[in-house]
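Read through the structure below, which is laid out as structure tokens, and then see the notes.
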Amino acid sequence: MHSKLLYWKGCMSRLRTTKIANATEDLLRRMEIDYETLGDDEGCCGSVLLRTGQVEDAKRVAGRTVKMIRSKGYTEVVTSCPGCFRTMSEEYKKAFGYVPFRVRHISQLLYENREGLRVHLRPWKVKVTYHDPCHLGRHMGIYEEPRALISMVPGVELVEFKYNRKLAVCCGSGGGVHSAFPEIALAVAKAVVNDRPPGVEIIVTSCPFCNYNLKEAGSAEIIDLPEFLIRAWRD
Amino acid sequence: MVEPGWYVSKRNEIDTWINDENRRKGLNRAVAAYTTAKESALSRLKSLEETRKEVRKIKENSMESLQELVKEAMENIEEVNGHAYLAKDTKEARRVFSTLVGEGKLVVKSKSLVSEEIDLNKLLEKLGNKVYETDLGEFIIQLRNEKPTHILNPSVHIPKEEVAKTFSKLLGREIEADIPTLVGIAREYLRDKFCNADVGITGANVIAANTGTMFIIENEGNARFVSNAPPMHICITGVEKVVPTLSDAFKVVQVLPPYATGVLMSAYVSMITSPSRTADIEKTLVYGAHGPKELHVVFLDNGRIEMLKDPIFREALYCLRCGGCMYECPVYRVIGGSFGHNYFGGIGIIWSAFTSGEETVAAAIDACTKCGRCLEVCPVDIDTPKMVEKLKERLIRKGYISPKHKAIRKSILEKGNPFGE
């Protein structure tokens, strides 16, 4: 049986940070990786409900999502959002015991296909840093794949935040803080952006929630990993 | 969207913090100083990594038989002429203090978070006593009539310029915003209070059950004065501070200072087992030599045994109160003392819920991003984010939900996304 790949955009990239979803689709097409999306049928992974303590509702929503993905025959799921990634791969297992599809974050899929990507990257002299999203790094242990992909661009200088990987500082929007106390999310985001290493032109991150929140802080360019790779693509 | 009262008051408190430049300035300076000092201390203390893991084990084991350990500690204190009390709640603890201190006394205190829990200063003042906080930070807070905002550095949010204003007001003359000068003023001002006090009140960082010995760790030297100069010393401590043996307690003493203030060891560690005593004349034991004649130790439960019995929240009792996670928390760094109630940060949310009631943190809990950084920096690996999620779940079941999260729920259930689109 042909294993079908589902690109799960997640609510944020579907409706707010749409540049991330567009860049991701563009990149997958350019890399000739077959995928499908659920379009307007894509629902909710349950992460937001889960992190705001609404566990029973999260389970209901997650149950629906699992059923839908399975009914369409997808065996592989790739997400833009580390929140979706963590919830679908870790929490679904806890809630339902078994998940009938494999879930990966986009950085993992791209890393696996990096040789096909490498040949298309043009030299780009730019100084960037990488912001570790909490759900991707600390909670799922994915630190190196995004960095390796960024470093594949010839001429790129990747410098680190003073606190990175396990000790990376949260962007301030996680766990429902952005909705409950937007003023806190903004103040934390400003602190993170201001702490970027000197001379950095671009902060690359790999989470639509970080992306959205850090952008609100202004004063530095914030882009998602696939957006960065599209920009480095040799036309 | 109507916000319930418990939400509005916390939001206002948070906004005050975010918009107060002075507080942010004080906090930023403290965070920078702390992180630099701690990194240096941790790199120099090679055995610390091993010791902190041993302490985690000690705390796990202590909790297995905590109530017996407390009993053992109390018996050992009584055996050497001390007095020990087990206070079930704040009311019982306050009753003990009312009886012991009485009225019209001069009271000196060294820093004790547990005493804040029972609102001790207000009680003693209401009874007609004069109370002086002697830890510099607490002294500043007391003069300004504010609440502590960090468990170790209660005045962390007040920059030197503001301290100078407070001291100028106290002495009725202009005081320069120079930190050594400010420290000198507190020293001069408090010196005779120590010597003339009727009662000295301290907390304790750890207590060894097998001897009943309390350990008080400090840098200023005020706790030594407070516990030694007055004729009566009262210690108030949480029951969770008890560990089985003196050796266990020494392990805790090795871990606390580097994580708390970034020093290899604190300036002073006092070990106190009984009232002062002598048998120098005819080998006849007399209590009350140069130190206190009376020693009283109040062990406070106030929700701790409930935590102990809960398989998820028991872990919060392992907390050594180093306060490191607070300086390392991105949210505490911007909203300081409004992130919690009587205890602060993620772990403080849990502690406040059990010792002051869940409603006190029903709104503040929504300030936690559950990012997990506190777990990474905790010397005893406390999984605070997990507990915060569990407490949040419990609060939701009891109907404490932010109006925004309620709207998000509705939107997700009806439209499959949180944005109402």
- Could you state the principal axis extents of the C-alpha atoms in the stretch A:120-231, from the largest down, to the nearest angstrom? 42, 29, 24
- Task: Could you list which residues have their amide H under 5 Å from that of A:Lys4, counting only those 5 or more apart in sequence or on another chain, with H placed in the peptide plane?
- Result: A:Thr75, A:Glu76
- Item | Proximal aspartates and glutamates to B:Lys71, defined as alpha-carbon separation beneath 16 angstrom and excluding residues fewer than eight positions away on the same chain | B:Glu79, B:Glu240, B:Asp301
- C-alpha center-to-center spacing [the stretch B:82-97, the stretch A:174-202] in angstrom: 45 Å
- Query: What net charge do the residues around B:Asp248 carry, taking every other residue with its C-beta under 10 Å from that of B:Asp248, with Lys and Arg at +1 and Asp and Glu at -1?
  - Reply: +2
- What accessible area per residue, rounded to a whole number of Å², is obtained for the stretch A:5-111 using a probe radius of 1.4 Å? 39 Å²
- Message: For the stretch B:204-351, I need the span (max minus min coordinate) of the C-alpha atoms along each principal axis, in Å, sorted largest to smallest.
- Response: 61, 34, 26
- Message: Give the residue list of chymotrypsin sites (Phe, Trp or Tyr not before Pro) in the stretch A:69-144 that are DSSP loop and have at most 11 other beta-carbon atoms within 10 angstrom.
- Response: A:Tyr98
- Query: So what's the gap between the Cα centers of the stretch B:351-388 and the stretch B:249-292, to the nearest angstrom?
  - Reply: 33 Å
- With 0.36 nm assigned to each residue of separation and the Cα-Cα distance removed, B:Gln67 to B:Thr278 gains 72.7 nm
- Which of the lysines could a cross-linker bridge to B:Lys147, judged by Cα under 20 Å and excluding same-chain residues fewer than eight apart? B:Lys10, B:Lys25, B:Lys109, B:Lys111, B:Lys122, B:Lys126, B:Lys130, B:Lys160, B:Lys165, B:Lys169
- Against the 2.2 N^0.38 Å rule of thumb, the C-alpha Rg of the stretch A:5-111 sits at a ratio of 1.01
- Message: Pairs of alpha-carbon atoms within less than 8 angstrom and 6+ residues apart define the contacts here; what relative contact order does the stretch B:30-133 have, in percent?
- Response: 19 percent
- Query: Going from the alpha-carbon gyration tensor of chain B, what semi-axes, largest first and in whole Å, does one get by taking the root of 5 times each eigenvalue?
  - Reply: 36, 26, 21
- Task: Two decimals is fine: what is log10 I(q)/I(0) at q = 0.18 Å⁻¹ for chain A, from a Debye sum with one equal scatterer on every Cα and no solvent?
- Result: -1.42
- So what's Rg/Rh here for the protein assembly as shown, counting alpha carbon atoms and using the Kirkwood radius for Rh? 1.03
- Dividing the helical contributions, -39500 (n - 2.57) per DSSP H run of n ≥ 4, by the residues of the protein assembly as shown yields a 222 nm value, nearest 500 deg cm²/dmol, of -14000 deg cm²/dmol
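Please sort by residue number the trypsin sites (Lys or Arg not before Pro) in the stretch B:350-421 whose DSSP state is loop and whose Cβ has at most 14 other Cβ atoms within 10 Å. Provide the component values of the computation, followed by the final result.
Values: sites: B:Lys370, B:Arg373, B:Lys386, B:Lys390, B:Lys392, B:Arg394, B:Arg397, B:Lys398, B:Lys404, B:Lys406, B:Arg409, B:Lys410, B:Lys415; in loops: B:Lys370, B:Lys398.
Sparse-neighbourhood loop trypsin sites (Lys or Arg not before Pro): B:Lys398.
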- Query: Considering only the other residues whose Cβ falls under 15 Å of the Cβ of B:Ile207, what net charge follows from Lys and Arg at +1 and Asp and Glu at -1?
  - Reply: -2
- Item | Buried accessible area, chains A and B (both chains, 1.4 Å probe, Å² to nearest 100) | 3500 Å²
- Query: Using the alpha-carbon atoms, what tilt in degrees (0 to 90, nearest 10) does helix B:179-196 show relative to the longest principal axis of chain B?
  - Reply: 50 degrees
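The values are calculated or read from the model by the stated rules, or taken from the named source; none is laboratory data. Quick caveat: nothing in here was measured; it's all calculated off a predicted structure. Cβ atoms come from the backbone with ideal geometry, glycine included; neighbour counts cover every protein chain shown. These area figures cover heavy atoms from the full protein model, side chains too; ligands, DNA and RNA do not enter into them. Shrake-Rupley method; radii C 1.70, N 1.55, O 1.52, S 1.80 Å.
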